[in-house]
Amino acid sequence: MQVHGFGSSVKSYKVEEIISTKTKRKQNVKVLKLSGGVGLCLEINDDLMALQCNEGFLHNQMVELGRSNTNAKRPNITILGGGDGGILKSCLNLNPRSVKLLELDDEIIKICQKYLPHISKNAFKDKRVKTILGDAFDNIKKIRRNSQDLIFVDMADAAVTEDNQVFGPRSDILLLNIKKCLKENGVVVAQASGYQQQTLSTFKKYFENTYGWTDSFNLQHANSFVYAIK
């Protein structure tokens, strides 16, 4: 297996399969153990979502981009995707007023809590957290207008069906609904690794103040995010 994001190089690792399953929502989920000290990793629909050796850095960096661009003392936060609980765990460090997690598939949450408990560390049990199961593209429409300080998009873009891809045919309506939910000066942050230019271009259609962040300028191999301020 090849893993990107460790500097500008690509490294190969031996793989031990811990679990491989297709959920009732037709998502392909794998938990793998990689050699070389990398440890456990999570794959959803062939997208590498989290590595044990650096998941804390990636989730914390994504949340830090939001925190550093908001003045909210106790933010209201919405997470799209994020069933592994990593973004959720980092968000709880911001002393939020509330966190809504819009996850398609409860089986992903259960698999991660069983095999990858280090990612969430019981974050789902926090009383400020409300998990809303189902299609995030639909459920975000139910979030009150101008109510959220921070929104994080932590979804696998290699979705089984094109309709469920973040930057597929429903991306425009998704960005419109995100903008509607954000307060003035609210911040949205999205994973963009592998889709940097596409993500940036899509965000710029809806947010005048749009920016990119990457840990490597060898963009093919980078961990990167796009964030915007309403």
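The values are calculated or read from the model by the stated rules, or taken from the named source; none is laboratory data. Please read these numbers as outputs of a predicted model, since none were measured by experiment. Ideal geometry is used to build each Cβ from the backbone, glycine not excepted, and the neighbour counts take in all protein chains shown. In case anyone asks, the SASA skips ligands and DNA or RNA and just uses the protein heavy atoms, side chains included. Shrake-Rupley method; radii C 1.70, N 1.55, O 1.52, S 1.80 Å.
Kindly sort S201, S224, S98 by accessible area of their heavy atoms, largest first, with the probe set to 1.4 Å.
Details: S201 70, S224 5, S98 25 Å².
Heavy-atom accessible area, descending, gives S201, S98, S224.
Modelling each spin label as a point 7 Å along the Cα-to-Cβ direction, I'd like the Y115/K130 distance in nm, to one decimal.
3.2 nm
Can you tell me the length gained on complete extension of the stretch K33 to Y211, counting 0.36 nm per residue apart and subtracting the Cα distance? Numbers along the way, then the final one.
On the way: separation 178, 0.36 × 178 = 64.08 nm, distance 3.41 nm.
Answer, rounded to one decimal: 60.7 nm.
At a Förster distance of 25 Å, what's the computed FRET efficiency of N60 paired with K26, Cβ-Cβ distance as r, to 0.05?
On the way: r = 31 Å, r/R0 = 1.25.
With R0 = 25 Å, the Cβ-Cβ based efficiency is 0.20.
Report the Cα centroid-to-centroid distance between segment 40-89 and segment 188-206 in angstrom, as an integer.
16 Å
How charged is the neighbourhood of A72? Take every other residue with its Cβ under 12 Å from the Cβ of A72, and add Lys/Arg as +1 and Asp/Glu as -1. Numbers along the way, then the final one.
Details: positive: R67, K73, R74, R97, K183; negative: D149, E184.
Net charge around A72: +3.
Between N185 and K142, what is the label-to-label distance in nm when each label sits 7 Å out along the Cα-to-Cβ direction?
Here the answer is 3.1 nm between the modelled labels.
List, in the order given, every pair from K114/K230; K89/K204; K22/K180 whose Cα-Cα distance in the structure shown is over 31 Å. Can you show the working numbers first?
Details: K114/K230 38 Å; K89/K204 29 Å; K22/K180 34 Å.
As for pairs spanning more than 31 Å Cα to Cα, those are K114/K230; K22/K180.
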